[in-house]
2 protein chains.
Amino acid sequence: MSEALLAGLRVVEFSAFVAAPSAGLTLAQLGAEVIRVDPLGGNIDHLRAPLNAAGASLYWAGLNRGKRSIELDVRGPAGRALLRRLVLAGEPPILLTNLGLDGELGYDALAAARPELIMVQLAGSPDGANAVDYTVNCATGFPLITGDGAQPVNHVLPAWDVAAGKLLALAVLAAERHWRRSGKGQLVRLTLSDVAMATACDLGYIADVQVNGTERRAEGNQLYGAYGDSFVCADGRQLMVAAISDRQFAALLRATGLHDALPRAAAALGLPLDTQVARYEARALISAALAPWFAARTLAEVAAAFSDRALLWGPYRSFAQMLAEDPRASAANPMFRLTEHPGAGRWLTASTPLAFGAVPRLPPGVAPRLGEHTHAVLAECLGLGAAELQQLQAAGTIGPTQIPGPAAEA
Amino acid sequence: MSEALLAGLRVVEFSAFVAAPSAGLTLAQLGAEVIRVDPLGGNIDHLRAPLNAAGASLYWAGLNRGKRSIELDVRGPAGRALLRRLVLAGEPPILLTNLGLDGELGYDALAAARPELIMVQLAGSPDGANAVDYTVNCATGFPLITGDGAQPVNHVLPAWDVAAGKLLALAVLAAERHWRRSGKGQLVRLTLSDVAMATACDLGYIADVQVNGTERRAEGNQLYGAYGDSFVCADGRQLMVAAISDRQFAALLRATGLHDALPRAAAALGLPLDTQVARYEARALISAALAPWFAARTLAEVAAAFSDRALLWGPYRSFAQMLAEDPRASAANPMFRLTEHPGAGRWLTASTPLAFGAVPRLPPGVAPRLGEHTHAVLAECLGLGAAELQQLQAAGTIGPTQIPGPAAEA
């Protein structure tokens with residue numbers, strides 16, 4: 001078998017923003033056929049920053065690469081009927097969405113026509129209230145312990161969206177597995193706040209409050225529960241060091257020449273250093289001992305001294321520095337390939353981070369232009385002919401709205 | 001079919017810390033049988049903070065709930081032979097790990113005995129270097145744009161571990177699907193740095209550098225690309241407000257009584273407010289206009305004025321406040337149930353955040369005690385008898401090391 005890992009899986013994605021599109025992206029990268037449906041002119045995320053000089057969204061391009069893009073008049077009855085037919089044509093029908101769908105596009109109406117339907121739907125909160133990553137994150141306690149604790153600090157990575165996206169993709173596979181075993185479809189529901197609050201539970205934050213009556217405090221860039229901290233080098237560059245295991249801690253002391261001095265200083269102060277927790281308790285002393293060593297060296301000098309593979313460390317880098325300095329963020333990494341995305345630009349593009357041994361990793365998908373595959377998808381999936389497609393486009397029922405039709409339909 | 005969604009899936013998890021254990025947790029919550037293997041006395045994460053008063057790790061408990069826990073002398077030949085037999089006994093054999101495995105426990109040796117083997121393995125970096133969430137995160141650019149930009153700020157949520165955990169779980173399902181279709185197993189590899197760098201690509205950060213020659217700057221708690229900011233109320237409580245769509249922005253102006261004043265002020269300054277990007281450009285003005293409104297009201301007064309469901313907002317809460325104030329973090333949420341975890345304590349425990357319509361959601365799993373299921377698992381999976389198990393335990397080949405044997409084997 002040399003076909004793609006998820007060959008045979010077709011997903012209709014009616015979505016916006018991060019979580020649901022990233023779920024579709026995850027599946028597309030493994031070889032599923034993912035059809036992203038936008039309203040005519042694009043959904044609310046179609047022009048989201050960052051934009052390129054021509055006004056195309058690099059964000060939309062990033063999250064939809066490798067998908068087929070179609071535009072439908074999802075507010076009008078003819079467009080809605082087409083969307084319904086497109087969803088129901090799947091085998092099994094699979095619909096991935098984070099948008100409100102009702103009437104003939106609601107789960108009950110779709111499942112009445114095709115009980116095998118798998119619909120995976122993300123919402124904000126289990127009580128039906130809207131929520132996005134920003135308003136879920138502030139509910140969870142994390143911003144209050146990020147940074148130095150003086151002010152709440154939001155994460156910049158939309159971490160709940162990212163986690164939800166992977167879970168939505170997993171849900172598609174789990175539901176398809178169930179369909180293969182039982183012949184049955186189902187509605188799978190997920191909310192962003194549940195993802196966040198379940199994670200708070202997984203990591204012990206809820207237990208800490210309810211069992212211990214305490215909760216974690218802000219500790220800047222220090223690790224929690226083991227030793228780790230950030231440091232400034234002589235050239236102003238900063239880096240993160242972690243030493244969780246005994247072996248990692250020993251390697252850190254060796255590399256910095258503190259293998260005698262620090263244990264003696266700790267013994268003088270009655271601070272043991274022999275366990276993760278002990279080193280966490282002694283973190284202020286350890287950092288105080290290490291800081292001058294880093295302050296006396298440039299980042300390059302630290303790197304030269306830190307060749308021991310047991311050391312856990314890395315410099316802080318901007319995105320530009322990551323691309324300029326880190327070989328993991330280059331075409332030397334088999335995950336990445338410099339790829340041209342028509343209308344958007346050319347950049348180092350990731351394929352799936354998962355390397356499956358049984359099949360070759362697919363090259364990174366190209367970002368579609370909005371509506372680029374409208375005619376091709378409707379022809380293939382619904383058997384619509386060229387004349388009918390042109391009529392639908394002329395009537396404002398389907399796109400593409402922004403690119404010349406036939407030329408872009410390759 | 002009323003059996004669990006992932007009934008019939010058995011996964012041997014040899015792991016530590018967050019990512020791989022959370023993958024096993026995700027699968028266990030959907031009904032897979034997940035057997036977490038620890039060395040005698042527990043792996044390096046077994047006593048990780050937070051701990052309860054008796055010294056049990058609430059972190060370890062949280063990430064391993066619903067699994068069966070076994071202890072083996074994984075350094076000695078007899079224990080390694082048992083681990084090998086346990087892995088190979090699966091149908092198909094599935095091994096999930098983030099630890100170095102070699103010799104008779106390496107992929108090649110295991111697959112030689114059972115080519116159906118699915119081994120899903122997480123590492124730090126594709127070049128083989130160690131890495132953990134902290135040292136991957138600093139490589140990506142995110143800490144430099146978190147907070148006000150004066151210093152790098154690490155996220156506290158181990159977001160890369162969490163995302164990797166979901167991807168590993170997805171990989172198990174994708175590889176099992178491939179096995180069902182082809183009869184073939186495989187090694188699936190993932191690295192934490194690839195997860196992070198692929199996400200930077202997905203969200204447009206790499207394209208922004210390479211296409212535009214720019215990159216995102218730190219902007220505190222403000223949204224990027226649309227309007228959103230955090231505010232302080234009269235009682236010192238803080239909250240996050242986002243208004244991405246036209247409808248959300250209109251609702252925000254209505255609720256704060258600024259529907260006339262703010263557009264007039266913006267017009268006077270030549271700042272349009274009619275698109276997401278325009279409102280992002282005008283964010284300083286919008287926040288300046290809103291701040292006094294929040295400063296004049298307590299959080300409760302804001303909540304009373306913000307009843308419109310179109311509004312996207314939420315208060316910042318500590319974990320304790322989340323549990324005290326937010327009904328989504330209570331037993332009123334079908335995802336949560338107050339659950340007793342013997343030896344660890346009693347807390348509001350999450351089942352899977354995914355609600356599959358075709359099967360009932362399983363109750364939250366109970367955290368095992370270390371090694372609790374050692375005898376039961378080896379008896380069931382390998383057919384070992386009671387006398388043999390006692391002999392192995394007496395010889396120091398298997399656990400449990402910390403709890404009385406038969407009583408805890410229920």
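Considering only residues that are out of contact with any helix residue (DSSP H, G or I) (no Cβ under 7 Å at 6 or more places or on another chain) and either hydrophobic (A, V, I, L, M, F, W, C) or crowded, with 21+ Cβ neighbours inside 10 Å (or both), which ones fall in the range B:107-131?
B:111, B:112, B:121, B:123, B:129
Would you pick out the residues in the range B:212-225 that are within 7 Å of another protein chain (Cβ to nearest Cβ) and over 20 Å from residue A:322 (Cα atoms)?
B:221, B:223, B:224, B:225
Filter the helices (runs of 4 or more DSSP H) completely within the range B:24-130 down to those with at least 2 residues that are away from chain A (no Cβ under 11 Å).
Helices (runs of 4 or more DSSP H) meeting the threshold: B:77-88, B:107-113.
Is there any pair linking a residue in the range B:377-398 that is in contact (Cβ under 8 Å) with a residue 24 or more places away in the chain to one that is assigned to a helix (DSSP H, G or I) and among the β-branched types (Val, Ile, Thr), with Cβ under 8 Å and at least six apart or on different chains, and which?
Pairs found: B:398/B:374.
Quick one: would you say residue B:367 is of a type outside the set (Ser, Thr, Tyr), closer than 25 Å to residue A:120 by Cβ and under 21 Å from the mean Cα position of the chain (by Cα)?
Criteria not met by residue B:367.
Only one of A:220, A:228 is in a strand (DSSP E or B) and in contact with a Ser or Thr (Cβ under 9 Å, 6 or more places away or on another chain); which?
Unique residue meeting the criteria: A:228.
So, in the range B:269-296, of the ones that are buried (at least 19 other Cβ atoms within 10 Å of the Cβ) and not in a helix (DSSP H, G or I), which residue ends up nearest to the other protein chains (Cβ to nearest Cβ)?
Within the range B:269-296, the match that is nearest to the other protein chains (Cβ to nearest Cβ) is B:282.
What are the residue pairs meeting all of these: first residue in the range A:109-129, first residue free of Cβ contacts under 8 Å to residues at least 40 places away in the same chain, second residue part of a strand (DSSP E or B), Cβ atoms under 8 Å, and 6 or more apart or on different chains?
That search, which allows pairs on different chains as well, returns A:110/A:95; A:110/A:119.
Take residue B:301 and decide whether it is more than 9 Å from chain A (Cβ to nearest Cβ), surrounded by fewer than 20 Cβ atoms within 10 Å (Cβ to Cβ) and in contact (Cβ under 8 Å) with a residue 24 or more places away in the chain.
In short, yes.
All but one of (1) touching a residue at least 60 places away in the same chain (Cβ under 8 Å); (2) crowded, with 18+ Cβ neighbours inside 10 Å hold for residue A:85, so report the exception by its number.
(2)
Considering only residues of the range B:165-211 that are in a loop (DSSP other than H, G, I, E, B) and in contact (Cβ under 8 Å) with a residue 60 or more places away in the chain, which is farthest from the other protein chains (Cβ to nearest Cβ)?
The extreme case among them is B:183.
Condition first: more than 10 Å from every other protein chain (Cβ to nearest Cβ), under 14 Å from residue B:293 (Cβ atoms) and touching a Leu at 6+ places or on another chain (Cβ under 7 Å). Now tell me which residues in the range B:226-250 satisfy that.
B:231, B:233, B:243
Residues of the range A:136-164 being of a type outside the set (Gly, Ala, Ser), part of a loop (DSSP other than H, G, I, E, B) and either at the interface with another protein chain (Cβ under 7 Å from one of its Cβ atoms) or surrounded by fewer than 24 Cβ atoms within 10 Å (Cβ to Cβ) (or both), which ones?
A:138, A:140, A:142, A:146, A:148, A:151, A:152, A:153, A:154, A:155, A:156, A:157
Is at least one residue of the range B:133-140 touching a helix residue (DSSP H, G or I) at 6+ places or on another chain (Cβ under 7 Å) and more than 23 Å from residue A:355 (Cβ to Cβ)?
no
State which residue is surrounded by the fewest Cβ atoms within 10 Å (Cβ to Cβ) when the search covers only the range A:244-263 and only residues that are assigned to a helix (DSSP H, G or I) and within 34 Å of the chain's Cα centre (by Cα).
Restricting to residues being assigned to a helix (DSSP H, G or I) and within 34 Å of the chain's Cα centre (by Cα), the top hit is A:247.
For the subset of the range B:346-366 comprising residues that are within 7 Å of another protein chain (Cβ to nearest Cβ) and of a type in the set (A, V, I, L, M, F, W, C), which member is surrounded by the fewest Cβ atoms within 10 Å (Cβ to Cβ)?
By that ranking, first place goes to B:358.
Just to be sure I understand, how many residues within the range B:48-70 are within 18 Å of residue A:277 (Cα to Cα), within 19 Å of the chain's Cα centre (by Cα) and touching a residue at least 12 places away in the same chain (Cβ under 8 Å)?
Matching residues across the range B:48-70 total 6.
Pick out the one residue from B:51, B:9 that is surrounded by fewer than 24 Cβ atoms within 10 Å (Cβ to Cβ), under 18 Å from residue B:119 (Cα atoms) and aliphatic (A, V, I, L, M).
Just a single option satisfies the conditions, and that option is B:9.
Exactly one condition in (1) outside any strand (DSSP E or B); (2) of a type in the set (A, V, I, L, M); (3) within 14 Å of chain B (Cβ to nearest Cβ) is false for residue A:266; which is it?
(3)
Could you please let me know if residue A:280 is under 28 Å from the mean Cα position of the chain (by Cα) and not β-branched (Val, Ile, Thr)?
The answer is no for residue A:280.
Give the residue, chosen from A:385, A:396, A:343, that is at negative phi, surrounded by fewer than 21 Cβ atoms within 10 Å (Cβ to Cβ) and out of contact with any helix residue (DSSP H, G or I) (no Cβ under 6 Å at 6 or more places or on another chain).
A:385
Can residue B:104 be described as over 30 Å from residue A:238 (Cα atoms), in contact with a helix residue (DSSP H, G or I) (Cβ under 9 Å, 6 or more places away or on another chain), touching a residue at least 60 places away in the same chain (Cβ under 8 Å) and of a type in the set (D, E, K, R)?
Against the criterion (over 30 Å from residue A:238 (Cα atoms), in contact with a helix residue (DSSP H, G or I) (Cβ under 9 Å, 6 or more places away or on another chain), touching a residue at least 60 places away in the same chain (Cβ under 8 Å) and of a type in the set (D, E, K, R)), residue B:104 does not qualify.
Tell me which strands (runs of 3 or more DSSP E) are completely within the range B:309-410 and hold 2 or more residues being modelled with pLDDT of 95 or more and within 30 Å of residue A:178 (Cβ to Cβ), or say none if there are none.
By residue number, B:336-341, B:345-350.
Across the range A:311-336, what is the number of residues that are aliphatic (A, V, I, L, M), surrounded by fewer than 21 Cβ atoms within 10 Å (Cβ to Cβ) and more than 7 Å from every other protein chain (Cβ to nearest Cβ)?
3
The values are calculated or read from the model by the stated rules, or taken from the named source; none is laboratory data. On a predicted model such as this, the values are computed, not experimentally measured, just so you know. Note that we place each Cβ from the backbone using ideal geometry, even for glycine, and neighbour counts take in every protein chain shown.
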